[in-house]
Amino acid sequence: MPQGNRSPQPPTPAPRPRAVRDTRALAILAGFAALLWLIFSGKFDPLHLGYGVVSIVLVVAMCRGLLEGPDARPENEVFQRIRWHRALAYPWWLLWQILLANLQVAWLIVHPRLPIEPRLLRFRSGLQSDLARLTLGNSITLTPGTLTLHVEGDIFLVHALHGNLASGLMDGSMTRQVAATFGEPELSLEEMQVEVIDDVEAWLEARP
């Protein structure tokens, strides 16, 4: 059959080059690092701003390989799942938790009876990537009154001076914040299997 004239099909748009995606990721990382520098430095004179620029350039240069697209480095797909709006909000949420924990620790110290009740907590985080687990472990240790003792897979062992200081772990709120930031599945409280060990000395003596 004779074929009629066909209008030329518009060319299929080419996918965005990996270099463009990597440049965007590096720009986001640089902006995030600059924001953290300004928050924690609090100094805006040329000398400290210069230090900040040098530090940010070094961080971006060292992290460049980690931010390559998943087609180049499948093991770093975690960076493609990060929800950057949550990543920008997470430091502020953590700073608020640190402030609250500081007040609670101060109250324990000035209280006449010094009501310290040390305990251990063991729970499943459900976090799959090493970076997410590292973030959670460091967040726990940065929060006054809690300390990450051991991490095996997605299971965390944490020491707390008092039960109130570990409330964000027992209700799973800190773990869910980290999971949401890295785009990972969030476990329910039942799935986390939180175990509270009140008698720390007996637990340590029972370990082989």
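The values are calculated or read from the model by the stated rules, or taken from the named source; none is laboratory data. Please read all numbers here as calculations on a predicted model, not as lab measurements. Glycine gets a Cβ as well: all are built from the backbone with ideal geometry, and neighbour counts include every protein chain shown.
Looking at segment 105-127 only, could you name the residues that are exposed (fewer than 14 other Cβ atoms within 10 Å of the Cβ) and among the small types (Gly, Ala, Ser)?
Ala106
Based on this model, can you work out whether Ser173 counts as polar (S, T, N, Q), within 24 Å of Val78 (Cα to Cα), without any contact (Cβ under 8 Å) to a residue 60 or more places away in the chain and surrounded by fewer than 18 Cβ atoms within 10 Å (Cβ to Cβ)? If you could, list the steps in order and put the result at the bottom.
On the way: polar (S, T, N, Q): yes; within 24 Å of Val78 (Cα to Cα): yes; without any contact (Cβ under 8 Å) to a residue 60 or more places away in the chain: yes; surrounded by fewer than 18 Cβ atoms within 10 Å (Cβ to Cβ): yes.
Yes: the conditions hold for Ser173.
If only one of Val54, Val60 is farther than 28 Å from Thr175 by Cβ, assigned to a helix (DSSP H, G or I) and at pLDDT below 90, which one is it? Even if it seems obvious, please write down each step before you answer.
Values: Val54 fails: at pLDDT below 90.
The conditions single out Val60.
Here's the yes/no breakdown for (1) over 24 Å from the mean Cα position of the chain (by Cα); (2) touching a residue at least 40 places away in the same chain (Cβ under 8 Å):
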residue: Trp96; (1), (2): no, no
residue: Ala101; (1), (2): no, yes
residue: Gln104; (1), (2): no, yes
residue: Ile116; (1), (2): yes, yes
residue: Leu121; (1), (2): no, yes
residue: Ser129; (1), (2): no, yes
residue: Arg133; (1), (2): no, no
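Here are some conditions: (1) under 26 Å from Glu190 (Cβ atoms); (2) buried (at least 17 other Cβ atoms within 10 Å of the Cβ). Asp130 meets all but one. Which one does it not meet?
The number of the failed condition is (2).
In segment 5-22, is there at least one residue being of a type outside the set (D, E, K, R), modelled with pLDDT under 85 and closer than 25 Å to Leu134 by Cα? Talk me through it step by step, then tell me what you get.
Just the residues of segment 5-22 that are of a type outside the set (D, E, K, R), to begin with: 5, 7-15, 17, 19-20.
With modelled with pLDDT under 85 added as a condition, the list becomes 5, 7-15, 17, 19-20.
If we keep only those that are closer than 25 Å to Leu134 by Cα as well, we get none.
The answer is no, given that none of the residues of segment 5-22 is of a type outside the set (D, E, K, R), modelled with pLDDT under 85 and closer than 25 Å to Leu134 by Cα.
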